[in-house]
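Worksheet: one structure, shown below.
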Amino acid sequence: MAAARELRAFVERSELEKVEASVDKAQAMLKDAERSLKAARSIVSVDPKSALLLAWDGIAFQALAAALLLAGYRVTTQPGHHRVAVEAGRTLLGQEALLSRIGALRRLRARGMYESEAVKREEAIAALDDGEALVAIVRKAVAAARA
């Protein structure tokens, strides 16, 4: 019940909006995330910064959006919607340690993107590993919703 109350609070603050839940669309978003994961892994050694950008935008954010869609929500375009995706994902999925690292990935991506901060190869690899773990968790939720 606490999760439902928290999600309603996101809606009341216009950070999330209710939409029709869709297992099929969530599945398609996960396929996109998996494709981005494969692409990011192929470039991480030569371009860790681009791999990190994909780790957030193409993998983690997609997986979080898929989890939200599965529950009948999506983030709005209000400022802070990336932060909201992480917080709402934590509400839906639990996974405190993983979602904390995903939140850190969001901030690292912002520093690289807006402050031209360098990204270490090891940081990008860790982010991809976390993105892959998040995709696997959401994939299990999709499979359970299909059952």
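All of the numbers you see were taken from the coordinates with simple rules; none came from a lab. The structure displayed is predicted, hence computed values, not measured ones. Note: ideal-geometry Cβ built from the backbone for every residue, glycine included; neighbour counts use all protein chains shown.
For segment 29-147, what Kirkwood radius comes out of the mean inverse Cα-Cα distance, in Å?
Details: mean 1/r = 0.0709 Å⁻¹.
By the Kirkwood definition, the hydrodynamic radius is 14.1 Å.
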Revision key, fill the gap. Check: C-alpha center segment 44-84 vs C-alpha center segment 85-147, spacing in Å is 8 Å
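Quickly estimate the mean residue ellipticity at 222 nm for the chain, helices only: each DSSP H run with n ≥ 4 gives -39500 (n - 2.57), and the total goes over all residues, rounded to 500.
Working: 7 runs with 108 residues, N = 147.
Computed ellipticity for the chain at 222 nm equals -24000 deg cm²/dmol.
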Point to revise | Formal net charge of residues neighbouring ARG74 (Cβ-Cβ distance under 9 Å; K, R +1; D, E -1) | key: 0
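In debye, nearest 20, what is the charge dipole magnitude of the chain about its Cα centre with +1 on Lys and Arg Cβ and -1 on Asp and Glu Cβ, if you could check?
Details: 23 positive and 19 negative charges, 30 e Å.
The calculated dipole for the chain is roughly 140 debye.
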Point to revise | Selection from SER22, ALA40, ALA3, by position along the positive dipole direction of the chain (Cβ) | key: SER22
Study note, to complete from the structure: Excluding near-sequence neighbours (fewer than 8 apart on one chain), the chain holds lysine pairs with C-alpha atoms under 28 Å apart numbering 11
